[in-house]
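What follows is a short report on a single structure.
Throughout, read-outs are computed from the coordinates displayed, never taken from laboratory work. As the structure is a computational prediction, the values presented were derived from the model and not from experiment. A quick note on method: Cβ atoms are made from the backbone with ideal geometry, for glycine too, and the neighbour counts reach across all protein chains shown.
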Amino acid sequence: MNEPDLITGIKNGDVQCFEELFMKYYSHFNQFIFGLVKDEWISEDITQNTFIKVWVNREKLQSDLSIHSYLYVIAKYEIYNHFRSKQNQIVDRFLDGVHDTVVTPSAENELFWNEMQKAIAAIIETMPEKRRAIFNMSRFEHKSAKEIAEIMHISARTVEKHIELAFRELRTKLTPFLFWILVYGHITL
């Protein structure tokens, strides 16, 4: 079946057309994704999510669309979301003080964590004074939002919002720092 007919069939909810698309491209995209994420289970999940999105959004398909290019675009966003999620996990676990359990011991990882610690300290220093104080009490003194609220004479919700904003700032500013590590697989979760 040619691509325009395949797309039209999928758009009309023809399961056989979707199965044909799946059989034609699944292996190719799974290998492509595996080459980037270096994990068989994750590449399977991302590949399946890519095809699920095609099916879920089938009504929007255009008959003149290059399905191969469309699958690449979806896969690209799925891979990006995977790395962003993994990066956020690393930042959160590092700030919770469990970085020694997230990496395999090596001189390379030790250097990474030392540099990351310096980067985090520099980012925290640039935060507004109140946010910095709240974040430090929360993460390094292990005080609850209620305890911090009493100390700072603000609501617990305000404390939680400052912590949320601090994490958002850390994640955003650490993105360039972490991305190459995640792509080349030196950090494992």
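Over all other residues within a Cβ to Cβ distance under 11 Å of THR158, the charged ones net out to +2, with Lys and Arg as +1 and Asp and Glu as -1.
Compared with the alpha-carbon gap, the fully stretched path from PHE83 to HIS153 is longer by 21.4 nm at 0.36 nm per residue.
Which pairs in the list LYS38/LYS60; LYS53/LYS76; LYS118/LYS146; LYS24/LYS53 are over 24 Å apart, alpha-carbon to alpha-carbon?
Numbers: LYS38/LYS60 32 Å; LYS53/LYS76 13 Å; LYS118/LYS146 29 Å; LYS24/LYS53 16 Å.
Too far apart for the 24 Å limit: LYS38/LYS60; LYS118/LYS146.
Using r as the Cβ-Cβ distance of ARG171 and SER69, and R0 as 41 Å, what FRET efficiency do you calculate, to the nearest 0.05? Once the sixth-power term is evaluated, E becomes 0.85. Under 12 Å from the 7 Å Cα→Cβ point of ASN57, by amide nitrogen: which residues of region 74-88? The answer is 74-78. Extension gain for the segment LYS118 to GLN16, taken as residue separation times 0.36 nm less the Cα-Cα distance, is 31.2 nm to one decimal.
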